[in-house]
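Worksheet: one structure, shown below.
The values are calculated or read from the model by the stated rules, or taken from the named source; none is laboratory data. Here the structure is a predicted model, which is why all the values come from computation and not from measurement. Every residue, glycine as well, gets a Cβ built from its backbone with ideal geometry; the counts of neighbours run over all protein chains shown. These accessible areas exclude ligands, DNA and RNA; they are computed on the full protein's heavy atoms, side chains included. Shrake-Rupley method; radii C 1.70, N 1.55, O 1.52, S 1.80 Å.
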Amino acid sequence: MPAPRSVLTLVPRPSEAALRPGHFTLDADTALRIGAGAEPAAELLRTLLSPATGLSLRPSPEGQLALALDPGLGGLGEEGYELTVDPHAVLLRAAHPTGLLRGVQTIRQLLPPQALSEAPERGTPWLLPCADITDVPRHPWRGAMLDVARHFQPVSYLRRYVDVLALHKINVFHLHLTDDQGWRMPVAARPKLTEIGGHRAESQIGPAGSGTYDGVPHGGAYTRAELAALVRYAAARGVTVMPEIEMPGHVRAALAAYPSLGNHPDRALDVWTRWGVCDTVLGVHDEVLDFCRTVLEEVMDVFPSPYIHLGGEECPTAEWTHSSAARERAVAEGLPNPEALHGWFLGQIGDFLVRRGRRPVGWAETGAELPLDFTVMTWRDQSHTLTAARRGHPVINAYHRATYLDHAQSDAPHEPPAQPGTVVDLRAVHAHDPVPEDADAEAAGRVLGTQTQLWTEFVTTPAHIEYLTYPRLCALADRGWSGATDWADFRARLDGHTARLDALGIRRHP
Ligand code: ACM
């Protein structure tokens with residue numbers, strides 16, 4: 001009998017799982033019985049299992065491994081599923097195709113860890129322990145943000161990144177595409193955004209204000225076809241790619257490409273080579289609003305995500321205060337002062353997205369400053385989540401002391417350079433409840449979930465990304481999916497789960 005260990009080591013933990021004696025063996029005779037609408041899940045199962053197992057998992061009406069949509073399981077929601085493993089049959093059912101995709105990842109985790117290998121593992125018997133699993137996520141939003149603006153990563157790596165998110169039932173890949181130091185999203189109507197804004201002369205060494213630079217040019221941009229293919233690749237794994245286009249601050253790369261978008265149209269700016277908060281921001285004249293709408297039209301063409309992130313944070317308002325054009329705009333819009341142009345600007349662009357049937361998302365500075373139709377990501381302070389939820393915003397809790405992976409995971413001297421200050425260890429990530437303790441039911445209901453953040457000022461390589469992301473993302477996925485609070489239980493499961501990360505060749509933190 002296979003060890004019951006494998007169910008115990010599932011990450012994230014299923015809502016309900018009971019082991020029974022015995023096992024099902026996947027082998028060359030195993031065929032898939034594929035119900036109507038279950039084809040994408042069958043395709044994913046084959047794609048994921050074929051490199052290691054070499055099994056063809058052919059379709060057959062008599063197949064022992066059945067994948068089926070069952071409208072009667074509507075109570076399991078969009079992502080829930082039921083999985084039954086018996087000695088002679090496996091049945092995976094869900095009300096929605098996405099639920100089947102989640103169940104496929106569970107089947108994958110129930111197999112020996114070698115099943116995750118990208119190389120053939122032909123000596124391994126592919127045993128699934130007999131079990132009954134009913135699994136429903138606690139939070140509808142379990143995300144991971146990757147900053148490809150500070151350091152570009154090729155789309156081939158983004159596909160691998162998505163693969164590992166999907167293994168953990170993470171459902172939103174938040175792609176931070178633009179910032180002061182680089183613009184990575186191609187925009188046909190504004191080609192200089194990537195031609196000029198996609199390259200910087202060098203990068204600051206060490207934290208903001210260090211005064212030293214590496215002298216090495218850095219650049220890169222995606223093609224529209226690459227991003228569209230990434231969106232399809234992620235969708236096949238049940239992951240939505242949410243793009244982020246920063247405004248009205250964090251736009252130095254755009255201003256380097258198109259100076260007329262700024263508050264000093266004749267000023268030539270470089271793509272920023274420093275880290276920190278840049279005081280050059282977008283102007284508030286009509287050309288700028290038109291520019292943002294044009295960019296977002298193309299963004300919406302490529303990304304079907306219902307949510308579009310507009311950034312919005314760390315926007316110094318000094319340029320507006322000193323600009324007669326901006327002051328006049330504030331007066332014309334009936335605003336009390338130029339600082340209020342921040343909310344006005346985001347309101348204009350947010351309304352545009354809403355009219356197009358999308359939902360604007362913004363980083364909160366306090367939780368009380370964004371237009372009410374924004375979904376808010378709270379990051380600075382724990383109290384901001386409740387502030388935003390009480391105000392009526394849907395909220396994603398991205399509290400930096402629990403979800404920022406650019407902070408070191410221990411204070412050991414061998415840790416690579418990281419954001420100075422707070423250590424974010426594995427336990428802090430797992431202990432983090434996205435729902436504030438003192439939230440009433442209404443406010444708690446507005447907390448959609450949580451996500452990890454990986455800002456990449458100090459992170460240049462996939463190996464470094466993986467070192468910072470794993471296993472901390474496992475902890476966030478566990479908490480976000482199952483709500484599991486038991487640290488010892490998580491640690492025990494993680495010990496088994498690391499064999500899967502190792503089989504995938506993930507260069508994780510020890
Ligand atoms: C942020 O950390 N700039 C949201």
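Would you give the gap between the C-alpha center of the stretch 439-510 and the C-alpha center of the stretch 81-133, rounded to a whole Å?
Each part's Cα centre sits 21 Å from the other's.
Using Cα pairs under 8 angstrom and six or more residues apart, how large is the relative contact order of the chain, in percent?
15
Classify the stretch 118-218 as rounded, prolate or oblate, taking a ≥ b ≥ c as the square roots of the eigenvalues of its Cα gyration tensor: rounded when a/c is under 1.5, otherwise prolate if a/b is larger than b/c and oblate if not.
prolate
Considering Cα pairs under 8 angstrom that are at least six residues apart, work out the relative contact order of the stretch 402-457 and quote it in whole percent.
Value for the stretch 402-457: 43 percent.
Given the C-alpha centroids of the stretch 6-44 and the stretch 269-317, what is the distance between them in whole angstrom?
44
Subtract the Cα-Cα distance of residue 366 and residue 414 from 0.36 nm times their separation in residues, and report this length gain in nm to one decimal.
Details: separation 48, 0.36 × 48 = 17.28 nm, distance 3.49 nm.
13.8 nm is the gain from fully extending residue 366 to residue 414.
Got a sec? What order do 387, 422 fall in by accessible area at 1.4 Å, biggest, i.e. largest, first? Provide the component values of the computation, followed by the final result.
On the way: 387 55, 422 35 Å².
The most accessible residue leads, giving 387, 422.
Compute the long axis of helix 97-110 from its Cα atoms, compare it with the longest principal axis of the Cα atoms of the chain, and write down the angle in degrees, 0 to 90, nearest 10.
60
Just add up the charged neighbours of residue 432: K/R +1, D/E -1, any other residue whose Cβ is under 15 Å from the Cβ of residue 432.
My count for the surroundings of residue 432 gives +1.
Give the angle, between 0 and 90 degrees and rounded to the nearest 10, that separates the Cα long axis of helix 487-503 from the longest principal axis of the Cα atoms of the chain.
The angle comes out near 90 degrees.
Given the rule -39500 (n - 2.57) for each run of at least 4 DSSP H residues, summed and divided by the residues of the chain, what is its mean residue ellipticity at 222 nm, to the nearest 500 deg cm²/dmol? Intermediate results must be reported in sequence, preceding the final value.
Values: 18 runs with 174 residues, N = 510.
Helices in the chain give a 222 nm mean residue ellipticity of -10000 deg cm²/dmol.
For the stretch 441-507, what is the relative contact order in percent, using Cα pairs closer than 8 Å and at least 6 residues apart in sequence?
Relative contact order, the stretch 441-507: 38 percent.
All other residues with a Cβ under 12 Å from the Cβ of residue 140 taken together, and with Lys, Arg as +1 and Asp, Glu as -1, what is their net charge?
+2
Stretched out fully, how many nm does the piece from residue 119 to residue 337 gain, at 0.36 nm a residue minus the Cα gap?
Result: 72.3 nm gained on full extension.
Each residue of the stretch 57-66 in order: what ³J(HN,Hα) in whole Hz does its phi give by Karplus 6.51 cos²θ - 1.76 cosθ + 1.60, θ = phi - 60°, with x for Gly and Pro?
Taking θ as phi minus 60°, the curve returns 6, 5, x, 7, x, 9, x, 7, 9, 9 Hz for the stretch 57-66.
How far apart, in nanometres, would the label points at residue 431 and residue 155 be if each is projected 7 angstrom from Cα along the Cα-to-Cβ direction?
Result: 4.2 nm between the two label points.
Report, to the nearest 10°, how far helix 341-355 tilts away from the longest principal axis of the Cα atoms in the chain, using its own Cα long axis and a range of 0 to 90°.
In the chain, helix 341-355 runs at an angle near 50 degrees to the longest axis.
If a/c stays under 1.5 just call it rounded; otherwise compare a/b with b/c (prolate if a/b is bigger, oblate if not). Do that for the stretch 148-306, with a ≥ b ≥ c from the square roots of the Cα gyration tensor eigenvalues.
oblate
Whole-Hz Karplus ³J(HN,Hα) for the stretch 157-164, in order, using 6.51 cos²θ - 1.76 cosθ + 1.60 and θ = phi - 60°, x for Gly and Pro?
Karplus values, whole Hz, x for Gly and Pro: 6, 4, 5, 4, 4, 4, 3, 7.
By the gyration tensor of its Cα atoms, with a ≥ b ≥ c the square roots of the eigenvalues, what is the shape of the chain: rounded for a/c under 1.5, prolate for a/b over b/c, or oblate?
Prolate.
Which whole-Hz ³J(HN,Hα) couplings does the stretch 141-148 yield from phi under the Karplus relation 6.51 cos²θ - 1.76 cosθ + 1.60, θ = phi - 60°, glycine and proline marked x?
10, 10, x, 8, 9, 10, 8, 9
May I ask you to give the percent of accessible area on the chain that is carbon plus sulfur, with a probe radius of 1.4 Å?
Heavy-atom surface of the chain belonging to carbon and sulfur, 1.4 Å probe: 54 percent.
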